[in-house]
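Here, each number is a calculation from the coordinates, and none is a lab measurement. Since the structure is predicted, the reported quantities are computational estimates derived from the model, not experimental observations. Positions of Cβ are generated from backbone atoms using ideal geometry, with glycine treated the same way; all protein chains shown enter the neighbour counts.
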Amino acid sequence: MDELRTLIFRTDRLGDFIISCPFIISYKNKFPDSNISIVSSEYNSNYIENFNFINEVIPLKRVINFFPKIYFLIKIILTLKKKKFKNIIILDGKKRSFFISLFLKGNKSILLQSSGLVILSKIFNYKFVINYEIQNQMKNFSYLASLLNFNIDLKNIDVYKNYNFKKKLDLKKKYILIHLDEKWYNHLYYTDFTDINPTPGQINSFVKKILDATNNVFEVVITTGSKKIKDLNDFVSDFNNSVENIYTKQFNNICVTFIKDTTFNDLENLVKNSSFLICCEGGISHVSHNLNIQTIAFYEKSRFQHTKYWTGHMTKISLVERKKMHDLLNDNKFYDLLKNKINNS
Amino acid sequence: MNLFSKKGIKILHIADMHQRHQGRLFYSTGKKMNNGFIKNDFNVLQISDRDFLQSNIFNYKKPLFIKYIYNTIKNFNPQIILLGHVDSLNEEDIYELKNHHKNINFSQYFVDTLDPNFEKFSQHKDRFFLKYQICDTNFITTDPSSLDFIDKSKTFFIPNICDRSIDILENYKYENLEYDIFFALSHGQHRGGLKKGYIDERVKFINQIELIDIKKNFFGIDKKPVWGEQFFIELSKSKMGLNLNRGMPIKYYSSDRICSLIANGLLTFLQVGYSYEDFFEHRKDVIYFNDHLELNDYIKYYSTNYKDRSKIAFNGKETYFKICENSLVTKYMVEKILDYKISDKLLWMN
């Protein structure tokens, strides 16, 4: 089996792995006998294990101090050198991954983050593609696939086929999911972004406006990210808390559920069963794309090209410019868009 | 979007226009494509890269050429930049060009074979890939579904195009012509002549055909390759033509020879295996052959049966113009590039 083994480096964030999935699945479809090992970030490793097209996950420890860092690099090189790889594909484009791969045998290719490693890639005979931001990065993935003699057929890829969904949060009724994570608050995210910064009262009004716009047909579920947000705690202060981490309240006789401390897998399951997602553009909107769920995602105007680079291939996503919560509450176009999208979905 | 509103779409067409060949290749694909754009009322401006860059010792003209493109874009403000076989620009040049002109649609066409079994495949693939990553759309003369390495969502088939102002012969009208069968090969249209000591697989095939009592007009084998008006003069002397490709059959690929023969009213023999049957019917539009023995029989039969030959050759020309005329193909290309609905959908369009 060694001769069919493929090593992929993707040592960055969840969204980076999720956007790479069509590439990896297409590779596996083209070379069905290949055994795929992935070198991932420590943070992603447990999550990646849920995908059955990955045979082995090798977490790369994040070490800051110099000597321990060198020690772990040598250790992982020695571990990987014991295996024979037919293809080594560096999707994260990181210097560290490139460095490790230099010591390994196999046909090597790299999706470069910039032109910085071009000369070294040429010297060491790597097939390389620069992950240009001027177009959506799926096109760059597609070009790398072309160099490796396969094709990414986005229409026929189901990233979540045979995925291990944990169903502890299955809700019965149809609902709109609002993912209210730290990205809505720029002091917890990018400080130069427009601060949506919803207060507890504004979240209340936002939920009511969404229920009105959709004729009270859907329930609303609100989830949050890993960071603690005081305003959200204040928002749920008058909610019922009969089950741990789950808070409920009636708005216009419709149940609104707030779920705290979800894992990413819980979130995926909630997205999968939702009728619509409202979120800030990021990993969660990549999930909704892969699950074919209509989505409105907020993006920062000054980073439109960067947003298109991530989302250009996503057909179910509607991008809405970030604005302050006060302005969002008064933006009739937003609620019209929501109404139209829900009616057409 | 109707055709009227597409009038005046500005296209900057960067491709070899063969000016340095002094008219020898006046029937090139680039020329036919330009004519097609004009027939559709598109506003096409051309830059001939290889003419600009000729005698380019140490590549010293390249910065001038790039500046020339940038200035032309600034003055012309095209909606589309269509690249032919512009091998003079590398991936970085194309990226920079796109990065400075993000609102322009970049597209390329590539009319050489991309058959993985072809001896120069990797050379062809590298040339195609120079522009592939950045181009929003790509047009090739092979069916993309038969190529593993192609992104089908941005790569589309186009046939070899014919042009009413160029492909004007009607050989089917004449019972008695000087020659029975025409075939022409060269080792590259830019080279013009033949490579010394290189034996083409097509020559080996042709040598297997028994051509007793058949008057043949073979160029690149018996005689030197012919070009320019002389090519059409020689073509006009023949009743039938042979379309022979190198390499293994691959869906829909052919050199532009197929157009020169069928679109000029010669009864044309096509190899089985390329799925041309999807467009041209056997014994109605063209004749398909499996091997040299079958071809031999067909040549003998049709060289003396004017009525059958003429009817098939006439139909072939009619069908070719119905589905491969430059006005149709270029309109389709522009609609694909601008992501418009295809207005006149033909069999080969997707």
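Which of the peptides B:81-90, B:101-110 is most tightly packed, and how do the rest follow, going by the mean number of other Cβ atoms within 10 Å of each residue? Write out the running numbers ahead of the final one.
Working: B:81-90: 21.2, B:101-110: 19.2.
Descending packing order for the listed peptides: B:81-90, B:101-110.
Think of each Lys and Arg Cβ as +1 and each Asp and Glu Cβ as -1; about the Cα centre, that makes the dipole of the protein assembly as shown roughly 1160 debye. Under a Cβ-Cβ cut-off of 13 Å, what is the net charge of the residues other than B:Lys102 that fall near it, where Lys and Arg count +1 and Asp and Glu count -1? For residues surrounding B:Lys102, the net value is -1.
For region A:1-93, applying the loop criterion from DSSP together with a ceiling of 15 other beta carbons within 10 Å to the GluC sites (Glu not before Pro) yields A:Glu49.
Treating the beta-carbon of each Lys and Arg as +1 and of each Asp and Glu as -1, no other charges, what is the dipole magnitude of region B:230-350 about its Cα centre, to the nearest 20 debye?
On the way: 17 positive and 15 negative charges, 50 e Å.
With only Lys, Arg, Asp and Glu charged at Cβ, the dipole is about 240 debye.
Considering all different alpha carbon pairs of region B:68-141, the Kirkwood hydrodynamic radius works out to 13.0 Å. Name the shape class, rounded, prolate or oblate, that the alpha-carbon gyration tensor gives for region B:32-85, where a ≥ b ≥ c are the square roots of its eigenvalues, rounded holds for a/c under 1.5, and otherwise prolate holds if a/b is larger than b/c and oblate otherwise. It comes out oblate by the Cα gyration axes. First check a/c for the protein assembly as shown, with a ≥ b ≥ c the square roots of the eigenvalues of its C-alpha gyration tensor; if it is under 1.5, answer rounded, and if not, answer prolate when a/b is larger than b/c or oblate otherwise. Prolate, because a/c is 1.5 or more and a/b exceeds b/c. When the alpha-carbon atoms of chain B are used, the pair Rg, Dmax equals 20.5, 63 angstrom.
Rounded to the nearest 0.05, what FRET efficiency do A:Phe103 and A:Lys127 give with R0 = 25 Å and r taken as the Cβ-Cβ distance? Could you check? Could you put the intermediate results ahead of the total?
Details: r = 18 Å, r/R0 = 0.73.
Efficiency at R0 = 25 Å is approximately 0.85.
Summarised as an ellipsoid, region A:1-89 has semi-axes of 23, 17, 9 Å, derived from the eigenvalues of the Cα gyration tensor scaled by 5 and square-rooted, with the largest first.
Rounded to two decimals, the Cα radius of gyration of region B:232-346 over 2.2 N^0.38 Å is 1.15. Evaluated at q = 0.17, 0.19, 0.23 Å⁻¹, a Debye calculation over the C-alpha positions of region A:79-190 (equal weights, vacuum) places log10 I(q)/I(0) at -0.98, -1.05, -1.22. Other protein chain C-beta atoms within 10 Å of residue C-beta, averaged over A:147-157: 3.
Under the definition of partner shielding as Cβ atoms of other protein chains within 10 Å of a residue Cβ, what is the mean value for peptide A:133-145? Write out the running numbers ahead of the final one.
Details: counts 1, 7, 8, 0, 0, 2, 8, 2, 1, 7, 7, 1, 4.
The per-residue average across the peptide is 4.
Applying a DSSP loop filter and a limit of 16 other Cβ atoms within 10 Å to the trypsin sites (Lys or Arg not before Pro) in region B:28-100 leaves B:Lys61. Per residue, the convex hull spanned by the Cα atoms of region A:273-345 measures out at 85 cubic angstrom. For A:Leu78 and A:Asn29, the FRET efficiency from 1/(1 + (r/R0)^6), where r spans their Cβ atoms and R0 equals 41 Å, is about 0.80.
In debye to the nearest 20, how big a dipole does chain A give about its Cα centre with +1 on each Lys and Arg Cβ and -1 on each Asp and Glu Cβ?
Values: 49 positive and 32 negative charges, 241 e Å.
It comes to approximately 1160 debye.
What FRET efficiency, computed as 1/(1 + (r/R0)^6) with R0 = 35 Å and r the Cβ-Cβ distance, is obtained for A:Glu244 and A:Lys173, rounded to the nearest 0.05?
Rounded to the nearest 0.05, the efficiency is 0.95.
May I ask you to order A:231-241, B:329-339 by the average number of other C-beta atoms within 10 Å around their residues, highest value first? Mind dumping the intermediate values first?
Details: A:231-241: 15.2, B:329-339: 21.0.
Most protected by this proxy first, the peptides run B:329-339, A:231-241.
Among the chymotrypsin sites (Phe, Trp or Tyr not before Pro) found in region A:175-230, those both in a DSSP coil and sparsely packed, with 13 or fewer other Cβ atoms within 10 Å of their Cβ, are A:Tyr190. What separates the Cα centres of region B:273-350 and region A:278-345 is a distance of 48 Å. Ranked by how many other Cβ atoms sit within 10 Å of their own Cβ, fewest first, the residues A:Val243, A:Val63 fall in the order A:Val243, A:Val63. I want to make sure I understand the PRE zone here: with the label point 7 angstrom from the Cα of B:Asn43 toward its beta carbon, which residues in region B:69-86 have backbone N atoms less than 15 Å away? Answer for region B:69-86: B:72-81. Please compute the Kirkwood hydrodynamic radius over chain A, one decimal place, Å, based on all pairs of different Cα atoms. Value: 21.7 Å, from the Cα pair sum.
A simple packing score, the average count of other Cβ atoms within 10 Å per residue, orders the peptides B:301-314, A:82-95 as A:82-95, B:301-314, with the highest score first. If you take the Cα centroid of region B:242-262 and the Cα centroid of region B:70-114, the two points sit 28 Å apart.
Placing unit charges on each Cβ (+1 for Lys and Arg, -1 for Asp and Glu) gives chain B a dipole about its Cα centre, and among B:Ser28, B:Ile161, B:Asn71 the Cα reaching farthest toward its positive end belongs to B:Asn71.
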